[in-house]
1. Could you please let me know if residue 90 is more than 17 Å from the chain's Cα centre (by Cα), closer than 18 Å to residue 167 by Cβ and surrounded by 14 or more Cβ atoms within 10 Å (Cβ to Cβ)?
2. Which ones in the range 52-78 are under 18 Å from residue 188 (Cβ atoms) and touching a strand residue (DSSP E or B) at 6+ places or on another chain (Cβ under 8 Å)?
3. Which residues, counting only those in the range 15-39, are at positive phi and touching a residue at least 12 places away in the same chain (Cβ under 8 Å)?
4. Looking at the range 27-35, is at least one residue farther than 17 Å from residue 180 by Cβ and modelled with pLDDT of 95 or more?
5. Anything in the range 115-150 that is assigned to a loop (DSSP other than H, G, I, E, B), surrounded by 16 or more Cβ atoms within 10 Å (Cβ to Cβ) and within 18 Å of the chain's Cα centre (by Cα)? List them, or say none.
6. Of all residues in the range 7-23 being in a loop (DSSP other than H, G, I, E, B) and in contact with a strand residue (DSSP E or B) (Cβ under 9 Å, 6 or more places away or on another chain), which is surrounded by the most Cβ atoms within 10 Å (Cβ to Cβ)?
7. Could you figure out which of (1) in contact with a strand residue (DSSP E or B) (Cβ under 9 Å, 6 or more places away or on another chain); (2) modelled with pLDDT under 95; (3) more than 24 Å from residue 153 (Cα to Cα) isn't true of residue 94?
């Protein structure tokens, strides 16, 4: 049985939240390489009231561990498949986890750049730190044999399992930018119902 990969969430004011996040995040993105970068939580709480209200409505603002932006430059694909935080096998519902799920909003160039999930079949794995080492290291599958099991386009808010091997396919000529919320206790309830 395949693990949980993602679920679209019904966020009534998602366009307002997306615009708020875009205005907040874009100044941080200049000249950043592909990778995941955290922002100051106090600045986020001060500048993003719509986002905070949404998180509060689902009892998530007090569990917010970090707010990240993810930059993916053109040319990214299967060779960039990875899992977050060196976690294997994929985390699943009913387990007490943190940082395994992310709540993601698209900011720039997300409709042409799918997120693809894979099943690891065989081959070597590399343990690689992120460009900002304080963000930890990931398992990369660049030299492994993988099989695609799922995919989505980030054209609406998504709850996603970061412990299933995944990659963002950017075959465009623009960078892709998204915002990713991570929690001290993963909100597995959001994977079961359409919130």
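1. Values: more than 17 Å from the chain's Cα centre (by Cα): no; closer than 18 Å to residue 167 by Cβ: yes; surrounded by 14 or more Cβ atoms within 10 Å (Cβ to Cβ): yes.
In short, no.
2. Within the range 52-78, 55, 60, 63, 64, 65 qualify.
3. First, pick out the residues of the range 15-39 that are at positive phi: 31, 35.
35 - this is the single residue of the range 15-39 that is at positive phi and touching a residue at least 12 places away in the same chain (Cβ under 8 Å).
4. The answer is yes; a qualifying residue exists.
5. Passing the criteria: 130, 141.
6. Applying the first criterion (in a loop (DSSP other than H, G, I, E, B)) to the range 7-23 yields 9-13.
Filter again for in contact with a strand residue (DSSP E or B) (Cβ under 9 Å, 6 or more places away or on another chain), leaving 9, 11.
Numbers: 9: 20, 11: 18.
Out of the qualifying residues, it is 9.
7. The number of the failed condition is (1).
Every residue, every condition in (1) free of Cβ contacts under 8 Å to residues at least 24 places away in the same chain; (2) touching a helix residue (DSSP H, G or I) at 6+ places or on another chain (Cβ under 6 Å); (3) assigned to a loop (DSSP other than H, G, I, E, B), yes or no:
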residue	(1), (2), (3)
43	yes, no, no
52	yes, yes, no
56	yes, no, no
59	yes, no, yes
107	no, yes, no
110	no, no, yes
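The values are calculated or read from the model by the stated rules, or taken from the named source; none is laboratory data. Please read these numbers as outputs of a predicted model, since none were measured by experiment. All Cβ positions, even for glycine, are placed from backbone atoms using ideal geometry, and neighbour counts span all protein chains on display.
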